[in-house]
Amino acid sequence: MADTKKPRATPAARASKKTEVAHRRGQVATMALAYVPQNQIAQQLGVSTATISNDLAAIRDDWRDEAKADVQAALMRDVQSLDRLESQMWVQLSQTTDPDVRVKTATVILRCKERRAKYLGFDRPELIDVVITDDRIAAEIVVLRERLGYEDRPALEA
């Protein structure tokens, strides 16, 4: 029985393919940003429109990941800055006996802690799942009609 398995590509062939795809995606991104239609991009690069569509999806995913990483890096820089400021304030607090300076310094420390908690998501509001059924709405309408004195008037039909 003959072996019908496709031979595996060599590491060099795989690397070459990745380089080719990366180069093509760079071209696709440039053309897409210039508002060149996908079918024209496909024609110019000699690939199918499905390939261009897949490339654009991969490019968007890469850009999204890069943007998230950039935001995360900026966030961490801000948190580190807050850490340094808070450390300085603790030193200042330990070295002063002036009540006004101590209050101002403690306020800065507290603000650093609050900002850090906000950056890191420790103070996110808890989400509450609210389910409202048609029966609940109908019951609320009856109660409101009674409170507003509409119990003698006929209800509007939906």
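A short reminder: the numbers here are calculations on the coordinates, not readings from a lab. Owing to the predicted nature of the structure, the values given are computational and were not obtained by experimental measurement. In this analysis, Cβ positions are derived from the backbone assuming ideal geometry, glycine residues included, and neighbour counts consider all displayed protein chains.
Kirkwood Rh over Cα pairs of the chain into Stokes-Einstein at 37 °C, 0.692 mPa s: D in µm²/s? Display every interim value, and only then the final one.
Values: Rh = 23.9 Å.
For the chosen part, D equals 137 µm²/s.
Once phi is turned into ³J(HN,Hα) by the Karplus curve 6.51 cos²θ - 1.76 cosθ + 1.60 with θ = phi - 60°, what whole-Hz value does each residue of segment 94-107 show in order, with x for glycine and proline?
Working through the residues one at a time gives 6, 9, 10, 10, 5, x, 5, 5, 5, 5, 5, 5, 5, 5 Hz.
Among Asp55, Asp135, which comes first, second and so on when ranked by fewest other beta-carbon atoms within 10 Å? Walk me through the intermediate numbers first.
Details: Asp55 23, Asp135 8.
Arranged by neighbour count, lowest to highest, Asp55, Asp135 become Asp135, Asp55.
In straight Cα distance, which lysines are under 17 Å from Lys17, not counting same-chain residues fewer than 8 positions off?
Lys6
Going by how many other beta carbons lie within 10 Å of each one, how would you line up Leu110, Leu33, Leu127, fewest first?
By the 10 Å Cβ count, ascending: Leu127, Leu33, Leu110.
What residue among Gly26, Gly46, Gly121 shows peak mean-square fluctuation when the chain is described by a Gaussian network model with Cα springs under 10 Å?
In the Gaussian network model the winner is Gly46.
Of all GluC sites (Glu not before Pro) in segment 59-155, which ones are in loop regions per DSSP and have a Cβ with at most 11 other Cβ atoms within 10 Å? Could the numbers behind the result be given before it?
On the way: sites: Glu66, Glu86, Glu114, Glu126, Glu140, Glu146, Glu151; in loops: Glu126, Glu151.
Answer in residue order: Glu126, Glu151.
Would you mind telling me which residue in Val103, Val47, Val143 has the biggest mean-square fluctuation in a Gaussian network model of the chain, where springs connect alpha carbons within a distance under 10 angstrom?
Val143
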